[in-house]
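S.K.: Following this message is one structure expressed as structure tokens.
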Amino acid sequence: MAPVDICPHVLDPSGSIRHTEDEEQEQLAEGFDYQELLHNSTFCLVPRGRRLGSFRFLESLQAACIPVLLSNGWELPFSDVIQWNQAVIEGDERLLLQVPSTVRAVPNKRVLELRQRTQMLWDAYFSSVDKIVLTTLEIIKDRVFSHLSRNKYMWNSLPGGLLVLPEYSTHLAHFPFYYLGLGVSPGHEFTAVIHAVSPLVSQSQPIMKLLQVVSKSKYCSQIIILWNSEKPPPPRSKWPPMPVPLIVTDGRRKTTSRFLPHVAIETEAVLSLDEDTVLLTSEVNFAFLVWRSFPDRIVGYPPRSHFWDPLKHAWGYTSKWTNEYSIVLTGAAFYHRYYNYLFSHYLPQSLRTLVDQTSNCEDILMNFLVSAATHLPPIKVAQRKQYKEVPPPQGTKSATWANPEHFAQRQECVNTFASWFGYMPLVHSQLRLDPVLFKDQVSVLRKKYKDLERA
């Protein structure tokens, strides 16, 4: 008779054994469900199958059930970069009776760490065939180009090696994910990138006031104007004098150009702004200080949200002001400059082409990317007034939001992006961060950000 796979027994936290294959039919008849049993278990036995390995191993990872390996000599997948001792327990198949006492001896803190690591590894490398293949190719590339290879910390920490591109850097401190682990903080300055689509016809245009407001921030290092107007940019003499360097660069009339990894951006923090954004310097300063505490997130003002429409069986997009949001628009938001590189080199060309063809959804796509990397929502901060799009001056190009197709396109974008990612990465949040004493009934003189209190 040909050998057959031996299904693991499932162990509860007390170490008692619950059979799952030999008695599977009997359990089902008694009302047990194998998948439910798997997901409710703490430890899962993974004995050898037809060969050394077993499909039960991936089954356990997916269910956040700690694999207890009983296959002496089994080399686990991607073991040259993945530290499996942080996710599995290796037993000896010759000493089966010792397994219950072994798992009982694992402290609760260690159990939590093991289960968290199983989920991290599953999501990062094993949740799809595409990820398994891509992980294989990236490991080979690291071997060939060892001078541009990821270290084991990158492979074994969130967001995983596939979202840490060594072509950008091989230093942990250059990425937004590792500040806390390294015990360091991001830089004290930011670069403002203003997306300009309207020709400069008046000194009273919103962009002129925006330049003055941003340049007054003590944290502003420089301002880059990404010129995407059909007309050529005006000479430097037409721009107002400022205490920080001003760079005007050609955006090639592409919507995605606002997220290109521009060489001129030298700071870790990027403040992305639309030309018609209305802010105060104190709002900019407060948002930047919040971002320094959450450098892996998008931190900004105008929120939006997604939802599931059961009638259309599709994702929806809403701009209604509610207590819940999952998107912060990049018309006024801080983020780490690495996400520009990830946007340009990780996302497929097809998604960027869609954004350029519609001149829409680049902000949604960036939110998808950051939430996919962090599994966390963006952060909304307090502002003096609700974010409103200001109609362009008469005779200038109309804003894209005024187009009746604009909202419908954004609905389609949400579903297109979710389809490419294979799931919905956006995460809802009800968190808003305000300055201390914000709106409290005390003298405004006691408050650091006084301007935020005045309408």
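S.K.: Taking the criterion of being farther than 21 Å from Arg410 by Cα and either among the hydroxyl-bearing types (Ser, Thr, Tyr) or without any contact (Cβ under 8 Å) to a residue 40 or more places away in the chain (or both), would at least one residue in region 279-287 satisfy it?
M.R.: yes
S.K.: Also, I was wondering about something else. Can you report the number of residues in region 268-281 which are open to solvent by 20 Å² or more (accessible area, probe 1.4 Å) and farther than 14 Å from Ser221 by Cβ?
M.R.: Looking only at that region, the number is 6.
S.K.: Still on this structure: List, please: which pairs have Cβ atoms under 8 Å, are six or more places apart or on different chains, and start with a residue in region 409-423 that is closer than 21 Å to Leu162 by Cβ and end with one that is part of a loop (DSSP other than H, G, I, E, B) and of a type outside the set (Gly, Ala, Ser)?
M.R.: Listed pairs, sorted by first residue: Phe417/Cys361; Ala418/Met424; Ala418/Pro425; Trp420/Pro348.
S.K.: Related question: Mind listing just one residue for me: the one in region 104-153 that is of a type in the set (Phe, Trp, Tyr) and within 21 Å of the chain's Cα centre (by Cα) and, of those, most open to solvent (accessible area, probe 1.4 Å)?
M.R.: Among residues in region 104-153 that are of a type in the set (Phe, Trp, Tyr) and within 21 Å of the chain's Cα centre (by Cα), the one most open to solvent (accessible area, probe 1.4 Å) is Tyr153.
S.K.: Filter region 169-190 for residues that are in contact with a Leu (Cβ under 8 Å, 6 or more places away or on another chain) and touching a residue at least 40 places away in the same chain (Cβ under 8 Å); which is surrounded by the fewest Cβ atoms within 10 Å (Cβ to Cβ)?
M.R.: If we take residues in region 169-190 being in contact with a Leu (Cβ under 8 Å, 6 or more places away or on another chain) and touching a residue at least 40 places away in the same chain (Cβ under 8 Å), then Phe177 is surrounded by the fewest Cβ atoms within 10 Å (Cβ to Cβ).
S.K.: Suppose we keep only residues that are open to solvent by less than 20 Å² (accessible area, probe 1.4 Å) and modelled with pLDDT under 95 within region 69-86. Which one would you say is nearest to the chain's Cα centre (by Cα)?
M.R.: So the residue we want is Leu76.
S.K.: Related question: Mind listing whichever residues of region 220-258 are under 27 Å from Arg352 (Cβ atoms) and charged (D, E, K, R)?
M.R.: Across region 220-258, the qualifying residues are Glu230, Lys231, Asp250, Arg252, Arg253, Lys254, Arg258.
S.K.: Within region 400-419, is there a residue that is surrounded by 15 or more Cβ atoms within 10 Å (Cβ to Cβ), closer than 16 Å to Thr330 by Cβ and modelled with pLDDT under 70?
M.R.: Yes, region 400-419 has at least one match.
S.K.: When you scan region 422-448, how many residues do you find that are open to solvent by less than 30 Å² (accessible area, probe 1.4 Å), of a type outside the set (Lys, Arg) and out of contact with any strand residue (DSSP E or B) (no Cβ under 7 Å at 6 or more places or on another chain)?
M.R.: 3
S.K.: Restricting to region 302-315, what's the tally of residues that are buried (at least 20 other Cβ atoms within 10 Å of the Cβ) and without any contact (Cβ under 8 Å) to a residue 24 or more places away in the chain?
M.R.: Residues that pass the stated criteria total 0.
S.K.: Moving on to the next point. Look at region 417-432 and say how many of its residues are touching an Asp or Glu at 6+ places or on another chain (Cβ under 8 Å) and outside any loop (DSSP other than H, G, I, E, B).
M.R.: The qualifying residues number 1.
S.K.: Now for a different question. Out of Ile89, Ile66, report the one residue that is closer than 15 Å to Leu114 by Cα, hydrophobic (A, V, I, L, M, F, W, C) and open to solvent by 20 Å² or more (accessible area, probe 1.4 Å).
M.R.: Selected residue: Ile89, the only one of Ile89, Ile66 that is closer than 15 Å to Leu114 by Cα, hydrophobic (A, V, I, L, M, F, W, C) and open to solvent by 20 Å² or more (accessible area, probe 1.4 Å).
S.K.: Within region 32-51, track down each residue that is more than 33 Å from the chain's Cα centre (by Cα) and within 19 Å of Leu121 (Cβ to Cβ).
M.R.: The one that is more than 33 Å from the chain's Cα centre (by Cα) and within 19 Å of Leu121 (Cβ to Cβ): Leu45.
S.K.: Condition first: β-branched (Val, Ile, Thr) and assigned to a helix (DSSP H, G or I). Now tell me which residues in region 246-280 satisfy that.
M.R.: Thr255, Thr256
S.K.: Another question about this same structure. Quick one: would you say Asp250 is surrounded by fewer than 20 Cβ atoms within 10 Å (Cβ to Cβ) and charged (D, E, K, R)?
M.R.: It is true that Asp250 is surrounded by fewer than 20 Cβ atoms within 10 Å (Cβ to Cβ) and charged (D, E, K, R).
S.K.: While we're looking at this one, here's another question. Exactly one condition in (1) in a loop (DSSP other than H, G, I, E, B); (2) modelled with pLDDT of 95 or more is false for Trp291; which is it?
M.R.: (1)
S.K.: Checking the structure you have, find out if any residue of region 213-225 is assigned to a helix (DSSP H, G or I), surrounded by fewer than 14 Cβ atoms within 10 Å (Cβ to Cβ) and among the small types (Gly, Ala, Ser).
M.R.: no
S.K.: Could you list, in sequence order, all residues of region 286-301 that are surrounded by 21 or more Cβ atoms within 10 Å (Cβ to Cβ) and more than 18 Å from the chain's Cα centre (by Cα)?
M.R.: Passing the criteria: Phe286, Ala287, Phe288.
S.K.: A follow-up question, please. Does region 325-351 hold any residues that are within 22 Å of Glu189 (Cα to Cα) and open to solvent by 10 Å² or more (accessible area, probe 1.4 Å), and which are they?
M.R.: Answer for region 325-351, where residues must be within 22 Å of Glu189 (Cα to Cα) and open to solvent by 10 Å² or more (accessible area, probe 1.4 Å): Leu329, Arg337, Tyr341.
S.K.: Now for a separate question. Listed residues Gly300, Gly251, Gly316; which is touching a Gly at 6+ places or on another chain (Cβ under 9 Å) and of a type in the set (Gly, Ala, Ser)?
M.R.: The match here is Gly300.
The values are calculated or read from the model by the stated rules, or taken from the named source; none is laboratory data. Predicted model, so just to flag it, every value in this text is computed and none were measured. FYI the Cβ positions are ideal-geometry reconstructions off the backbone, even for glycines, and counts take in every protein chain you see. Accessible surface areas use protein heavy atoms only, side chains included; no ligands, DNA or RNA. Shrake-Rupley method; radii C 1.70, N 1.55, O 1.52, S 1.80 Å.
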